[in-house]
1. If I filter segment 5-26 down to residues being among the hydroxyl-bearing types (S, T, Y) and more than 12 Å from the chain's Cα centre (by Cα), which single residue comes out as farthest from S68 (Cα to Cα)?
2. Name the pairs: first residue in segment 75-100 and modelled with pLDDT of 90 or more, second residue not in a helix (DSSP H, G or I), Cβ to Cβ under 8 Å, at least 6 apart or on different chains?
3. Quick one: is M1 hydrophobic (A, V, I, L, M, F, W, C), touching a Ser or Thr at 6+ places or on another chain (Cβ under 8 Å), at pLDDT below 90 and surrounded by 11 or more Cβ atoms within 10 Å (Cβ to Cβ)?
4. E29 versus (1) in a helix (DSSP H, G or I); (2) of a type in the set (D, E, K, R); (3) surrounded by fewer than 18 Cβ atoms within 10 Å (Cβ to Cβ); (4) more than 15 Å from the chain's Cα centre (by Cα): which is the lone unmet condition?
5. Does K35 satisfy the criteria of being open to solvent by 30 Å² or more (accessible area, probe 1.4 Å), assigned to a helix (DSSP H, G or I), basic (K, R) and in contact with a helix residue (DSSP H, G or I) (Cβ under 8 Å, 6 or more places away or on another chain)?
6. Select from segment 56-108 the residues that are basic (K, R) and closer than 12 Å to A30 by Cα and write down the one among them that is least open to solvent (accessible area, probe 1.4 Å).
7. In segment 47-93, what residues are of a type in the set (A, V, I, L, M) and not in a loop (DSSP other than H, G, I, E, B)?
8. If you take the residues of segment 10-24 that are without any contact (Cβ under 8 Å) to a residue 12 or more places away in the chain and farther than 16 Å from D101 by Cβ, which of them is surrounded by the most Cβ atoms within 10 Å (Cβ to Cβ)?
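The values are calculated or read from the model by the stated rules, or taken from the named source; none is laboratory data. Source: prediction; values computed, not measured. Don't worry about glycine lacking a Cβ; one is built from the backbone with ideal geometry, like all the others, and counts go over all protein chains shown. Surface areas here come from the heavy atoms of the whole protein model, side chains and all, with no ligands, DNA or RNA. Shrake-Rupley method; radii C 1.70, N 1.55, O 1.52, S 1.80 Å.
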Amino acid sequence: MPDFNEIFEELKTGALDLVKLTLKKYKDEAEADAKVFLEDSKEKLEKWTSLLASGELTPSDFEWLVESQKDLLVMNGLKQTALAKIRLDQFKNSLLNLVVDTILDKVL
């Protein structure tokens, strides 16, 4: 299995790039929220990545687990802005897709 710390660093970089592309006006709030989510999810992501690499989880199981974290992806900083709920949900989905795609690409 690839080094999870390297994968995690790539996730953080990817999240910051995603923020720059999608939420320029709310960059600071979005960056802070994304970092909090990734740090809060790090332990679970590491465990699930290990299970995926060992074949104990299928890619679809892994994706489902990551997607199940959507409700935990609290965007406190962004909620305090005037960002519409639809844009907030789009950003959440994009961030979760980034996590799934990055890890699947590194592990499989």
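1. Here the residue is Y26.
2. Partner pairs satisfying both residue conditions: F91/L23; F91/M75; K92/L73; K92/M75; L95/L73; L96/Q69; L96/L73.
3. So M1 passes the test.
4. (3)
5. Against the criterion (open to solvent by 30 Å² or more (accessible area, probe 1.4 Å), assigned to a helix (DSSP H, G or I), basic (K, R) and in contact with a helix residue (DSSP H, G or I) (Cβ under 8 Å, 6 or more places away or on another chain)), K35 qualifies.
6. Taking the candidates together, the pick is K92.
7. Matches in segment 47-93: L51, L52, A53, L65, V66, L72, L78, I86, L88.
8. Taking the candidates together, the pick is K20.
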